[in-house]
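The block underneath contains the structure these notes are about, expressed in structure tokens.
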Amino acid sequence: MSNAASDTEKSPSFEMTWGSSTSSGYCSDEEPNSEFEQYFTAKTSFFPNTRKANVTAKVKQDEQIEWGKQKLTTTDFQQKVKEYNAQINSNLFMNMNKDGSYTGFIKVQFKLARPVSVTPPKKGGSDAGARKASGVKRRTSFYLPKDASKHLHISSRTSAREVIEALLKKFTVVDNPGKFALFERSERHDQVYIRKVSDNECPLRLRLCAGPNEKVLSYVLKENETGEVNWHAFSMPELKNFQRMLRREEEEHVKQIVQRYALARTKMQDALAGSTPG
């Protein structure tokens with residue numbers, strides 16, 4: 001990645017790192033004067049897997065972190081920026097501005113359980129012209145790889161809500177930003193603490209106060225869980241696609257149960273056939 005942008009640069013710069021690829025999926029229905037959506041899915045399970053790997057660290061929700069509440073002067077920030085830059089082994093430096101603010105990089109990891117909808121790249125040709133003339137919109141939905149992450153170059157005045165909007169804009173995600181939330185993750189005393197970052201908090205300030213160590217603080221983008229899923233927020237093609245996914249998973253579960261009971265029945269019949277009346 002290139003060196004940090006100049007202090008006067010207002011728009012964040014981005015770097016995307018991918019660790020896996022999506023698999024091909026299936027298409028939704030195309031209806032006149034409605035959205036045409038093509039789905040590429042990297043996973044088929046509609047419900048989260050309840051069986052998790054053994055984790056020694058305990059997870060505690062909403063643990064209050066005091067980093068953002070420190071009262072610091074401009075001189076304090078200058079010293080902290082200097083100490084921060086001395087600890088990193090890359091070109092992701094922080095830089096002080098004349099107005100007392102500073103710019104730098106944060107890394108955000110994606111932990112999304114549901115697919116996101118994006119606008120596909122513009123293509124020429126007769127098909128594109130026909131869709132434009134008929135008023136049909138094209139949108140693609142897919143699962144992001146679990147280990148996907150992105151570096152953002154932001155200001156100390158950039159809020160968490162602006163970070164989320166910048167991430168979605170960079171990925172051309174058309175979903176409502178309110179569906180997502182930024183979380184901070186930290187490991188302390190053999191425990192893992194997860195806290196939802198409020199919309200008006202400034203992630204770069206938290207990053208500076210915590211230092212560059214990812215175990216001390218890291219950022220994760222997840223769904224903004226507020227309880228039940230708001231199915232009315234999804235379009236008709238999306239709902240139809242979810243129904244297909246649910247039906248396919250249900251059929252797979254039924255098949256596994258039938259096979260398990262058939263195997264047990266066969267073993268019992270073999271045991272009865274081999275036994276002699278006593």
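The values are calculated or read from the model by the stated rules, or taken from the named source; none is laboratory data. The model shown is predicted, which means the values in this text are computed figures rather than measured ones. Using ideal geometry, Cβ is built from the backbone for each residue, glycine included, and neighbour counts are taken over all protein chains shown. Keep in mind that these areas ignore ligands, DNA and RNA; they rest on the heavy atoms of the full protein, side chains included. Shrake-Rupley method; radii C 1.70, N 1.55, O 1.52, S 1.80 Å.
For a protection proxy built on the mean count of beta-carbon atoms within 10 angstrom, sort 242-252, 259-269, 166-176 highest first, please.
166-176, 242-252, 259-269
What is the count of Lys pairs in region 159-239 whose alpha carbons sit under 19 Å apart, if the two are 8 or more places apart or on different chains?
Total qualifying Lys-Lys pairs in region 159-239 comes to 8.
Please work out how much accessible surface Ser149 shows to a 1.4 Å probe, ignoring ligands, DNA and RNA, in Å² rounded to 10.
10 Å²
How many angstrom lie between the C-alpha centres of region 94-111 and region 178-201?
If you average the Cα positions of each part, the centres end up 18 Å apart.
Count charges around Asn89 for me, please; just the other residues with Cβ under 15 Å from its Cβ, Lys/Arg as +1, Asp/Glu as -1.
Neighbourhood net charge equals -1.
Using the Cβ atoms and a cut-off under 11 Å, what net charge is assigned to the surroundings of Pro212, where Lys and Arg are +1 and Asp and Glu are -1?
+1
HN-Hα J couplings of region 251-266 from phi, Karplus 6.51/-1.76/1.60, θ = phi - 60°, integer Hz, Gly and Pro as x?
Once θ is set to phi - 60°, the couplings for region 251-266 become 4, 5, 5, 4, 4, 5, 5, 4, 5, 5, 6, 5, 5, 5, 5, 4 Hz.
Can you tell me the Rg and the Dmax, both Å, for the Cα atoms in region 158-244?
15.7, 47
Counting only protein heavy atoms and using a 1.4 Å probe, what share of the accessible area of region 169-278 belongs to carbon plus sulfur, as a whole percent?
Carbon with sulfur: 55 percent of the solvent-accessible area.
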